[in-house]
Amino acid sequence: MTDSDSIAITNARVLTLRSPESGNAPRRGSDLSELGVLDRGWVLVQGGRIRDLGNGTPPEFTAETRIIDARGKVVMPALVDCHTHACFLGDRNDEFEARLAGAEYLEILAAGGGIMSTVRSVRNASETELVEALLRRLEQTARLGTGTIEVKSGYGLDPDTELKMLRAIHAAAGRTPQTVIPTFLGAHALDSDADDPDHAVNRIITEALPAVAAAFPGIVCDAYCEEGAWSFADCRRLFESAVQLGCGVRVHTDQFNSLGMTRFAIELGARSVDHLEATTPEDLRHLAASSTIGVLLPSSGFSLDDRYAAGRELVDLGGAIAVASNFNPGSAPSPSLTFAMALACRKCRLKPAEVITAATFNAACVLGLQDEVGSLEIGKRADLLLLDTADERTLGVEVAGPGPVAVMLEGRWFHTGWPDPA
């Protein structure tokens, strides 16, 4: 199919995710449930973009337009996964069995396992090996409905390997129809293999961060602020330097312990604070009143300790939320964002419509891509899903389902099942 070809999807229940009230701002409160539904909708795609869409009887299309009858099924924006660690090599199978035997995640990390075991595999890998491994995982996520995906570094913990990871993520982005957004996470763990861990921390702040900012201008800087990982003080030094270098800020915070980073990150103007399983009620209120988005990662609670962020409370306080997979080899070994969405309904007590918005438009806002993806609107990328259901609430009800029957990325069919539009 060439860019000049056009496709029209008709007779669909179209979730546009358009919200005239909120415009391009993250959705909050009751607006989270407004999916912009066209009950008898149609969408016209040309040149990789949404050319037109509407409700009811569609216009006359050109003879060259390929028409797909959705037969009343749901058509919606492709998912946006705004928090993943999908660039890695090796496995954490021994860690999994250790946790089954009763070992705690932070205990394994303190003993030099967990994240560090993946760090060793990544350090020993070539850039080409990282690219190929990431491409395989990107294909998995795309088949499951993810059209846009953020991928963090963080399994290097030294300047050279962090840059190697970011180059690999950039190279993989050029070989997939997905939109791939790299994030710098040099502050992922303390380097227990270093002769002087404090010196290793300083190298991330004074060497890796400037080198990354120069090679990837405007890249977002992330950190894991937690006991046994990066301290509040070191994260603060990192983020203040990142802001001076023109980098945005995100942070893993309150996964196991509340260390004060959530409040600081909000005051710094962080794009998002992610995890939030241990966030205090006071900090939830502070977050809800801010422009920072709370990213919920329920697959971690499912895999580790059955603790989850207070999503319902945050929404009811007026906060903006997103839901992401946290895909990684240890604490969230699942490429499925739809699985995380189903968990967010059950464990964070969100409604299916709220979860859909959180995993599309609001997730796009976390990445600064809401002008391109996250909703079906004229001029945006034609990234969309055809679901095998006429009721979008199935995304919250169904657990570990087969995924969408058709995935379109930038106007081209990436994966098709029923109906077969190929």
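Would you compute the Debye intensity of region 304-422 from its alpha-carbon atoms alone, equal scatterers and no solvent, and pass along log10 I(q)/I(0) at q = 0.10, 0.13, 0.17 Å⁻¹ to two decimals?
Values, matching the q order: -0.33, -0.56, -0.96.
Identify the trypsin sites (Lys or Arg not before Pro) of region 219-280 meeting these criteria: DSSP loop state and at most 16 other C-beta atoms within 10 Å of the C-beta.
Answer in residue order: no site qualifies.
Compute from the Cα atoms of region 40-97 the Rg and the Dmax, the latter being the longest Cα-Cα distance, and quote both in angstrom.
When restricted to the Cα atoms of region 40-97, Rg and Dmax are 20.1, 60 Å.
Would you report the distance distribution of C-alpha pairs in region 80-366 as whole percents per 10 angstrom bin, up to the bin with the largest distance?
Percent of pairs per bin, in order: 7, 31, 40, 20, 2, 0.
How much length is gained on full extension from Glu267 to Thr394, taking 0.36 nm per residue of separation minus their Cα-Cα distance?
Working it through step by step, the gained length comes to 41.9 nm.
Could you give the longest part of the chain that holds none of the GluC sites (Glu not before Pro) found in DSSP loops with at most 13 neighbouring Cβ atoms within 10 Å?
That would be 228-422.
Restricting everything to alpha-carbon atoms, can you work out Rg to Rh for region 99-188 with a Kirkwood hydrodynamic radius?
1.03
Could you work out [θ]222 nm for the chain from helices alone, using -39500 (n - 2.57) per DSSP H run of at least four and dividing by all its residues? Round to the nearest 500 deg cm²/dmol.
Taking each H run of at least 4 residues, the total per residue is -9000 deg cm²/dmol.
Cα centroid distance between region 166-241 and region 347-422, in Å?
30 Å
Note down the net charge around Leu284, summing +1 for each Lys or Arg and -1 for each Asp or Glu among other residues with Cβ under 12 Å from its Cβ.
Here the charged neighbours net out to -3.
Report, ordered by chain and residue number, the lysines lying within cross-link reach of Lys152, taken as a straight Cα distance under 27 Å and ignoring same-chain residues fewer than 8 apart.
Within the straight-line limit of under 27 Å, Lys152 reaches these lysines: Lys164, Lys347, Lys380.
Which of the aspartates and glutamates could be linked to Lys73 by a straight reach, that is with a Cα gap under 13 Å, when you skip same-chain ones fewer than 8 residues away?
Asp39, Asp388, Asp391, Glu392
Hey, what does the equivalent ellipsoid look like for region 153-266, semi-axes from the Cα gyration tensor as sqrt of 5 times each eigenvalue, largest first, whole Å?
Computed over region 153-266, the values are 22, 16, 14 Å.
Could you list the residues of region 276-315 with an amide nitrogen less than 18 Å from a label point located 7 Å from the Cα of Leu100 in the Cα-to-C-beta direction?
302-306
Once you've got the GNM for the chain with C-alpha springs shorter than 10 Å, pick whichever of Ser334, Ser272, Ser153 has the biggest mean-square fluctuation.
Ser334
How big is the gap, in Å, between the Cα center of region 282-298 and the Cα center of region 114-165?
28 Å
Every read-out reported here was derived from the displayed coordinates using simple, explicitly stated rules and does not represent laboratory data. All of these numbers come straight from a predicted model, not from anything done at the bench. Reconstructed Cβ throughout: ideal geometry from the backbone, glycine too, with neighbour counts over all protein chains shown.
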